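Only the coordinates and a few stated rules stand behind these numbers; no lab work does. What you are looking at is a predicted structure, and each value in this text was computed from that prediction instead of being measured. Here Cβ is always computed from backbone atoms with ideal geometry, including for glycine, and neighbour counts include all displayed protein chains.
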Amino acid sequence: MSDENKNNDIKEELPSCCQGKENKACKGILYGIIPHIGCILFVIASILGSTILIQFFKPLLMNRNIFYYMIGISFAFATLSSVLYLRKNKMLSWNGIKRKKGYLAIMYGTTIGISLLFFFVIFPLTANIGGVTAQVVGTSSLLKISVDIPCAGHASLITGELKTINGVEGVQFSMPNIFEVYYDKSRTSKEQMLSLDVFKEYPAKVIEG
């Protein structure tokens, strides 16, 4: 048997996830990130204070179901890539799927993982950028509310809207939907904060204050 045939036999014996030159993890990460680009840009715009960009991307987060759509888009990208890969390798069949289950597991696993990372880590962290100083906590009045947001991805929208009110000194977000608003009661009031348009879409319930 020639060396070339031996190499081919060895390659066939390797798990499917170890074969080929495709970087499955990178593709999964990419497909996990793409659907969140709008929200990422909204967060960046909020940090940089770009009013035009904030107003452009704000309607995305005002849609209660936007993150479910994003998850669907992530899976659509991953599925399309997987179908094209299987078709290219003439394995677009149940047997082909079984043989390439390692490839598919990495593709879908990283796609799901990136979405969960955004929902439970990145978006909650970005919602608290700037933080609340000990001085603000010690000298401000507190309004603690729970907001009916579908996931932590909307936290930046809520904190951003609250900070537009003159008199709000800081906002602290805690999972899953708790917001602590520190404010100067001589310049604003609980009623003014709760009258924001964002709370018409995502109702707020007062816990304290």
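Of D197, D148, how do they rank once you tally other Cβ atoms within 10 Å and put the fewest first? Display every interim value, and only then the final one.
On the way: D197 8, D148 13.
Starting with the residue having the fewest Cβ neighbours, the order is D197, D148.
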How long is the gain from I207 to V132 if the chain were fully straight, where each residue apart is worth 0.36 nm and the alpha carbon distance is subtracted?
25.1 nm
Give or take rounding to whole Å, what are the principal axis extents of the alpha carbon atoms in region 134-208, in descending order?
32, 23, 20
